[in-house]
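The values are calculated or read from the model by the stated rules, or taken from the named source; none is laboratory data. Computed from a prediction, not measured in an experiment: that's the story for all the values here. Glycine also receives a Cβ, built like all others from the backbone with ideal geometry; neighbour counts cover every protein chain displayed.
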Ligand code: DX5
Ligand code: ZN
């Protein structure tokens, strides 16, 4: 059995002049958690938001705040993001020489802990950390920018991690991020993902935030029937 499907609108694609309003619309429109992309211009080419934006988002919604750290040395900044209101912190395996220690640090500070894999990083890289984490994020684009195309080959990695989770007897959340829309949602869920980050296909949708979330959820639920 797959854990419940959750949709995580990514504010990277929101209108920053109306951020509070866009977050409120994502909540009213059926989003389950708000995804916040933190980029440092070092691990990824782009620079985005810091704890101040997490604090502002915390005031705009009651939903969990899912903070995706695309930064080097995340351990230096984790306390600030949790103080700002992060419910979950995701760190990349590619930047953590002491990943277990970082996961402990996140838990001790009171947040859920997740680990992310870039497209080139194999599923086996998280085998030993799996019993300790709340969620795994499979990047389905190279991190750094919204609006990129989904990398199909990531479907097999999602399936592999779902199998690892079953073998452990642990109903792990598997999150996907990048190029998710009403078409790819069904595919990723059919391969074992259950938490879907969606930026452009929600905040850039001509049909509006609520209708796009509904369409993505319907597609995801139809994928669940195929697992
Ligand atoms: C990319 C970010 C994503 C981004 C996804 O590095 O981690 O969360 O917002 O955007 P879309 O859904 O437009 O691919
Ligand atoms: Zn992200």
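Could you please find all residues in region 137-146 being more than 23 Å from residue 79 (Cβ to Cβ) and part of a strand (DSSP E or B)? Don't jump to the end; show me each part of the working.
Taking region 137-146 as the starting set, the residues that turn out to be more than 23 Å from residue 79 (Cβ to Cβ) are 138-142, 144-146.
Of everything in region 137-146, those that are more than 23 Å from residue 79 (Cβ to Cβ) and part of a strand (DSSP E or B) turn out to be 138, 139.
In region 62-73, how many residues are within 14 Å of ligand 1 (Cβ to nearest atom) and either farther than 14 Å from residue 111 by Cα or in contact with a helix residue (DSSP H, G or I) (Cβ under 8 Å, 6 or more places away or on another chain) (or both)?
Narrowing region 62-73 to residues within 14 Å of ligand 1 (Cβ to nearest atom): 65-71.
Going one step further and asking which of them are either farther than 14 Å from residue 111 by Cα or in contact with a helix residue (DSSP H, G or I) (Cβ under 8 Å, 6 or more places away or on another chain) (or both), we end up with 65, 67, 69-71.
Adding up the residues that qualify gives 5.
Among the residues of region 171-202, which ones are closer than 15 Å to residue 9 by Cα and surrounded by fewer than 21 Cβ atoms within 10 Å (Cβ to Cβ)?
Listed by number, the residues that qualify are 181, 182, 200.
Can you spot a residue in region 156-170 that is within 16 Å of ligand 1 (Cβ to nearest atom), assigned to a loop (DSSP other than H, G, I, E, B) and in contact with a helix residue (DSSP H, G or I) (Cβ under 9 Å, 6 or more places away or on another chain)?
Within region 156-170, none of the residues are within 16 Å of ligand 1 (Cβ to nearest atom), assigned to a loop (DSSP other than H, G, I, E, B) and in contact with a helix residue (DSSP H, G or I) (Cβ under 9 Å, 6 or more places away or on another chain).
Which condition number in (1) touching a residue at least 24 places away in the same chain (Cβ under 8 Å); (2) away from ligand 2 (no atom under 16 Å from the Cβ); (3) within 24 Å of residue 88 (Cα to Cα) is the one that residue 140 fails?
Exception for residue 140: condition (2).
Would you please name the residue that is nearest to the chain's Cα centre (by Cα), looking only at residues in region 126-152 that are within 16 Å of ligand 1 (Cβ to nearest atom) and loosely packed, with under 15 Cβ neighbours inside 10 Å?
So the first thing to find is which residues in region 126-152 are within 16 Å of ligand 1 (Cβ to nearest atom), and the list is 135-152.
When the remaining residues are screened for being loosely packed, with under 15 Cβ neighbours inside 10 Å, the result is 142, 147, 149, 152.
On the way: 142: 13, 147: 15, 149: 16, 152: 18 Å.
Result: 142.
Residues of region 34-47 being in a loop (DSSP other than H, G, I, E, B) and closer than 17 Å to residue 197 by Cα, which ones?
Residues of region 34-47 that are in a loop (DSSP other than H, G, I, E, B), as a first pass: 41-46.
Correct list: empty.
Pick from 38, 53: which is more than 23 Å from residue 173 (Cβ to Cβ), surrounded by 18 or more Cβ atoms within 10 Å (Cβ to Cβ), within 15 Å of ligand 2 (Cβ to nearest atom) and modelled with pLDDT of 95 or more? It would help to see each step written out before you state the result.
Details: 38 fails: more than 23 Å from residue 173 (Cβ to Cβ).
Among 38, 53, only 53 is more than 23 Å from residue 173 (Cβ to Cβ), surrounded by 18 or more Cβ atoms within 10 Å (Cβ to Cβ), within 15 Å of ligand 2 (Cβ to nearest atom) and modelled with pLDDT of 95 or more.
Just to be sure before I move on: is residue 215 out of contact with any strand residue (DSSP E or B) (no Cβ under 7 Å at 6 or more places or on another chain), within 22 Å of residue 13 (Cα to Cα) and more than 16 Å from ligand 2 (Cβ to nearest atom) in the structure I sent?
Details: out of contact with any strand residue (DSSP E or B) (no Cβ under 7 Å at 6 or more places or on another chain): yes; within 22 Å of residue 13 (Cα to Cα): yes; more than 16 Å from ligand 2 (Cβ to nearest atom): yes.
So residue 215 passes the test.
Could you list, in sequence order, all residues of region 24-33 that are closer than 18 Å to residue 177 by Cα and not in a loop (DSSP other than H, G, I, E, B)?
26
Quick check on my filter: what residues within region 83-135 are assigned to a loop (DSSP other than H, G, I, E, B), free of Cβ contacts under 8 Å to residues at least 40 places away in the same chain, out of contact with any helix residue (DSSP H, G or I) (no Cβ under 7 Å at 6 or more places or on another chain) and closer than 19 Å to residue 173 by Cβ?
128
Report every pair of residues separated by at least 6 positions or lying on different chains whose Cβ atoms are under 6 Å apart, first residue within region 1-21 and touching a residue at least 24 places away in the same chain (Cβ under 8 Å) and farther than 18 Å from residue 68 by Cα, second in a loop (DSSP other than H, G, I, E, B) and more than 14 Å from ligand 1 (Cβ to nearest atom).
Listed pairs, sorted by first residue: 2/194; 2/227; 3/171; 3/194; 5/194.
Filter region 1-23 down to the residues that are in contact with a helix residue (DSSP H, G or I) (Cβ under 9 Å, 6 or more places away or on another chain) and part of a loop (DSSP other than H, G, I, E, B), then identify the one that is farthest from ligand 2 (Cβ to nearest atom).
2
Among the numbered conditions (1) part of a loop (DSSP other than H, G, I, E, B); (2) away from ligand 1 (no atom under 15 Å from the Cβ); (3) in contact (Cβ under 8 Å) with a residue 12 or more places away in the chain, tell me where residue 182 comes up short.
Unmet for residue 182, out of (1) part of a loop (DSSP other than H, G, I, E, B); (2) away from ligand 1 (no atom under 15 Å from the Cβ); (3) in contact (Cβ under 8 Å) with a residue 12 or more places away in the chain: (2).
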